[in-house]
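First comes the structure, then the notes that go with it.
Taken together, the values in this text are just the output of simple stated rules run on the coordinates, not laboratory data. Because the structure is a prediction, the values reported are computed rather than measured. Cβ placement follows ideal geometry from the backbone for every residue including glycine, while neighbour counts extend to all protein chains displayed.
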Amino acid sequence: MSGKLFFTLQYWIKNPPWDTGITPPELYRFLRENPPGRALDLGCGTGTNVITLAKYGWQASGVDIVPRAIRIARRKARREGVEDLTEFSVGDALAPETFQGEYDLILDIGCFHVFPESAAEIYGRNLRAHLAEGGRFLLYVHLDRGPGPGHGASEAGLEKLGEYLHLIRRTDGEESSRPSAWLEFGKRK
């Protein structure tokens, strides 16, 4: 089963476990510490974090590969009264056309870790090309700790991102007995 089909079915069958409807404290901390700007949420799901960004005054865009998730996100933004500060589109987080100009914040909560390690270079190039000077890339991933490829970001994939962006902070943790990490990157000069 292709990744796109899997994610699409999850939104039709049930509420996907990754789309919790809760903005994480790490994003709230970032919003308290940084002035509003332009943001992009890669793999935005039903738009929870895009809506939070808009409520903090950000011009926020979200992209997801699942059309149903994007339809739900647009309805939620209208209901929350932030449709003028939000934009949602169906797209692939690895495709260059997903990115429109420069962003002060690019957010990825659980998208990067579903890509194969070989996609890290494409992803890193897109991020570097579209992250504004002084901008930040916030990344939450499950970590792949097993031998061979699996669901989760590999350390090699994260190191590859480090070739394109400067790692500012990394906080390792655990979610549902799975190793995970929050990473904050800046633009490498």
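Quick notes on this one:
- Take 73-80, 103-110, 27-34 and order them by the average number of nearby Cβ atoms within 10 Å per residue, most first; the result is 103-110, 73-80, 27-34.
- Cβ crowding within 10 Å, taken as a proxy for footprinting-reagent exposure, orders Ser61, Ser176, Ser118, Ser154 from fewest neighbours to most as Ser176, Ser118, Ser154, Ser61.
- Value of [θ]222 nm, deg cm²/dmol, for the chain, DSSP H segments ≥ 4, -39500 (n - 2.57) each, nearest 500: -9500 deg cm²/dmol
- The order of Thr52, Thr171, Thr46, going from fewest to most other C-beta atoms within 10 Å of their C-beta, is Thr171, Thr52, Thr46.
- Positive-end extreme of charge dipole, the chain - chosen from Ala156, Gly47, Asn34 (charges on Cβ): Gly47
- A straight chain from Glu174 to Leu94 at 0.36 nm per residue would run longer than the Cα-Cα distance by 26.2 nm.
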